[in-house]
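The values are calculated or read from the model by the stated rules, or taken from the named source; none is laboratory data. Bear in mind that the values here come from a model prediction, so they are computed numbers and not experimental data. Note that each Cβ is placed from the backbone with ideal geometry, even for glycine, and that neighbours are counted across all protein chains shown.
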Amino acid sequence: MTKIFTTILISMVMSMIVHGQGSIKPGELWPDSEGKHINAHGGAIIMHKGTWYWFGESRLPRGEQDRTRYGVGCYSSKDLVSWKNEGLALRVINDTSSLLQPGCVVERPKVIFNRKTGKFVMWFHHELRGQGYRAALTGVAVSDNIKGPYRYIRSLRPNAGVWPVNFTNEQKNYSVTEKDLKSWTEEWKQAVRDGLFVRRDFEGGQMARDMTLFIDVDGTAWHIHSAEENMTLHFSELTPDFLDFTGVYYRVLPGESNEAPAIFRAKGKYFMFSSGTTGWKPNPGRLSVSDAISGEWKATGNPCRGSEEENKITFGSQSTFVIPLNQKKDIFVYMGDRWNPQNLADSRHIWLPVEWENEMPLIRWHDEWDIKGIK
Ligand code: GAL
């Protein structure tokens with residue numbers, strides 16, 4: 001008993017030293033209330049009844065043989081600094097007839113609350129066991145309680161049999177296919193911009209890899225995902241219960257290879273942090289802006305204000321979410337991942353305050369900063 005008490009006390013003290021009260025130290029280990037590094041990657045934060053909840057990929061620690069201990073981790077906090085591990089909100093299903101069986105990949109989970117149904121809805125990028133990243137599916141799960149357990153419903157490729165709203169009749173009827181072109185030539189790039197992959201995937205549904213969710217001011221929820229072989233983002237409207245797609249979707253920044261979308265609304269505009277497509281390796285951050293969620297989105301360049309080296313790798317991170325800390329005062333926090341592909345559970349959390357310059361958001365590096373201080 002005394003031993004347990006001492007262990008808890010030591011980890012609490014450790015947690016305060018590593019992440020002092022109110023203090024965020026991007027890139028360092030971030031111990032939870034049990035002293036373990038927070039295992040919630042590619043994640044997002046949601047506030048519910050005065051508590052913050054952090055959902056993210058709960059990666060198997062290196063050497064862990066039990067593949068059933070994998071899924072979406074949930075943590076809770078009152079101050080965004082000290083986090084309690086609430087366990088797995090969604091867990092793989094130990095049944096080989098389920099798409100969500102051990103060995104599959106669950107990435108970038110996001111949870112939103114549906115006011116009409118009173119349910120919490122989780123969507124996540126889902127890749128199937130033994131298939132690498134080929135499936136490009138999005139999965140959906142639902143729960144009455146924020147912490148879960150979430151009930152897995154299904155995984156799918158969205159918008160089968162429907163054209164994007166911003167797709168011309170000419171684009172619908174082009175006859176050029178992948179076989180006619182050599183990848184990465186100018187002709188191929190133009191064909192991609194003109195919807196080569198949209199047409200290819202029309203019947204089976206559009207690809208869905210890196211993703212996020214966003215609820216607009218009118219209460220409509222959007223599922224935003226890298227589609228078309230990660231060349232183009234799709235902004236897909238969800239049904240009023242948030243459990244399916246309506247078939248209304250827009251292509252955004254066609255052929256620009258955006259991943260890791262993180263959306264927020266401020267100053268009457270919509271902003272998006274995103275990355276290029278270099279796998280686990282960080283690349284130059286990107287910022288885009290739009291007057292409406294459905295577009296027209298305009299890329300405005302790299303939001304990082306560091307050294308040339310730092311800007312090239314977004315301070316060693318890839319965007320995952322923007323926390324609306326105080327929407328009325330335009331106070332937001334950039335959340336990113338510094339991936340460690342050798343040991344994904346050890347990937348570090350890069351949280352930085354969103355700063356403003358000429359009405360545009362930007363990020364600067366801080367070794368340590370006080371999240372309470374920016375409220
Ligand atoms: C990244 C993506 C990550 C993960 C990784 C796999 O580009 O953002 O979420 O899918 O590729 O290589």
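Quick notes
- Residues that are assigned to a strand (DSSP E or B) and within 16 Å of the ligand (Cβ to nearest atom) within segment 206-245 comprise Met211, Thr212, Leu213, His223, Ile224, His225, Ser226, Ala227, Thr232, Leu233, His234, listed in sequence order.
- Count - residues of segment 81-112 that are surrounded by fewer than 16 Cβ atoms within 10 Å (Cβ to Cβ) and farther than 28 Å from Ile350 by Cα: 5
- Against the list (1) among the hydroxyl-bearing types (Ser, Thr, Tyr); (2) surrounded by fewer than 16 Cβ atoms within 10 Å (Cβ to Cβ); (3) in contact with a Phe, Trp or Tyr (Cβ under 9 Å, 6 or more places away or on another chain), the condition Thr185 fails is (3).
- For segment 280-311, the set of residues classified as within 16 Å of the ligand (Cβ to nearest atom) and either without any contact (Cβ under 8 Å) to a residue 60 or more places away in the chain or part of a strand (DSSP E or B) (or both) consists of Lys281, Pro282, Asn283, Pro284, Arg286, listed by residue number.
- Among the residues listed as Glu256, Glu203, the single one being over 22 Å from Val142 (Cβ atoms) and within 16 Å of the ligand (Cβ to nearest atom): Glu256
- Of note, Ser82 satisfies the criterion of being in contact (Cβ under 8 Å) with a residue 12 or more places away in the chain and assigned to a loop (DSSP other than H, G, I, E, B).
- Residue match in segment 21-28 (condition: part of a helix (DSSP H, G or I) and at pLDDT below 95): no
- Some residue of segment 166-182 being away from the ligand (no atom under 16 Å from the Cβ), within 25 Å of the chain's Cα centre (by Cα) and not hydrophobic (A, V, I, L, M, F, W, C): yes
- Residues satisfying the stated conditions in segment 88-118, i.e. touching a strand residue (DSSP E or B) at 6+ places or on another chain (Cβ under 7 Å), touching a residue at least 60 places away in the same chain (Cβ under 8 Å) and farther than 14 Å from Arg67 by Cα: Ala89, Glu107, Arg108, Pro109, Lys110, Val111, Ile112, Phe113, Asn114
- Selected residue (criterion: farthest from Gly42 (Cα to Cα)) from residues of segment 325-348 that are aliphatic (A, V, I, L, M) and away from the ligand (no atom under 14 Å from the Cβ): Ile331
- When Phe271 is tested against (1) part of a strand (DSSP E or B); (2) within 16 Å of the ligand (Cβ to nearest atom), only condition (2) is not met.
- Yes/no for Lys267 being over 21 Å from Ile112 (Cβ atoms), touching a residue at least 12 places away in the same chain (Cβ under 8 Å) and of a type in the set (Lys, Arg): yes
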